[in-house]
1. Enter the angle in degrees (range 0 to 90, nearest 10) between the Cα long axis of helix 60-84 and the first principal axis of the Cα atoms of the chain, meaning the one along which they spread out most.
2. Taking semi-axes √(5λ) of the Cα gyration tensor in Å as the quantity of interest, determine which of (i) 26, 15, 12; (ii) 22, 19, 11; (iii) 33, 18, 12 was computed from the displayed structure.
3. In sequence order, what are the phi-derived ³J(HN,Hα) couplings for segment 17-30 according to the Karplus relation 6.51 cos²θ - 1.76 cosθ + 1.60 with θ = phi - 60°, rounded to whole Hz, with x for glycine and proline?
4. Using only the alpha-carbon atoms, how far is helix 33-56 inclined from the longest principal axis of the chain? Give it as 0 to 90 degrees, nearest 10.
5. For segment 16-64, state the average projected area of the convex hull of the C-alpha atoms over all orientations, rounded to one decimal in nm².
6. For residue 17 and residue 111, what does the FRET efficiency come to when R0 = 30 Å and r is the distance between their Cβ atoms, rounded to the nearest 0.05?
7. Say R0 is 25 Å: what FRET efficiency, to the nearest 0.05, do residue 102 and residue 61 get from their beta-carbon distance?
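None of the figures in this text is laboratory data; all of them are computed from the coordinates on show. These numbers were taken from a predicted model, which means no experiment stands behind them. When we count neighbours, we look across all protein chains shown, and the Cβ atoms used for this are built from the backbone with ideal geometry, even at glycine.
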Amino acid sequence: MNEASNDVDCSEPHTEDAVDRWVMPYVRDSTLWPVLLVVMAHVMAFVAPVLLYAIRDHHLAAFAALAGTLYLTFGVIRYDVRRSRRPAALSIIVLVIWAASIAAAYYGNRTGFL
């Protein structure tokens, strides 16, 4: 057997490998950009009603979901800044999702759609 495989520390999550393997191909490869846009729209469709329920209706579960989403957002931005020493593509994508979610929540509240 190979003894080098026993030296890997399994207690630490390999976030960088997972992001490079599962997320970054959608950013780098232009043929996958339509898929990225659909995923962004689905995330926006989740965040917009959560924002609206938290702010307008003061639901505790919506505040918890919003806190979890913000925690993930700051984690992604922190990872992106640590990786490239500045906000890069992932940070921009996350900020666009938040801006679109805020706009959708505002529009949904204004028109009574949400």
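1. Once rounded, one gets 40 degrees.
2. Among (i) 26, 15, 12; (ii) 22, 19, 11; (iii) 33, 18, 12, the one calculated here is (iii).
3. Running phi through 6.51 cos²θ - 1.76 cosθ + 1.60 with θ = phi - 60° gives 5, 5, 5, 5, 7, 9, 9, 4, x, 6, 8, 7, 8, 5 Hz.
4. 50
5. 4.3
6. Calculated transfer efficiency: 0.10.
7. On the way: r = 20 Å, r/R0 = 0.79.
Rounded to the nearest 0.05, the efficiency is 0.80.
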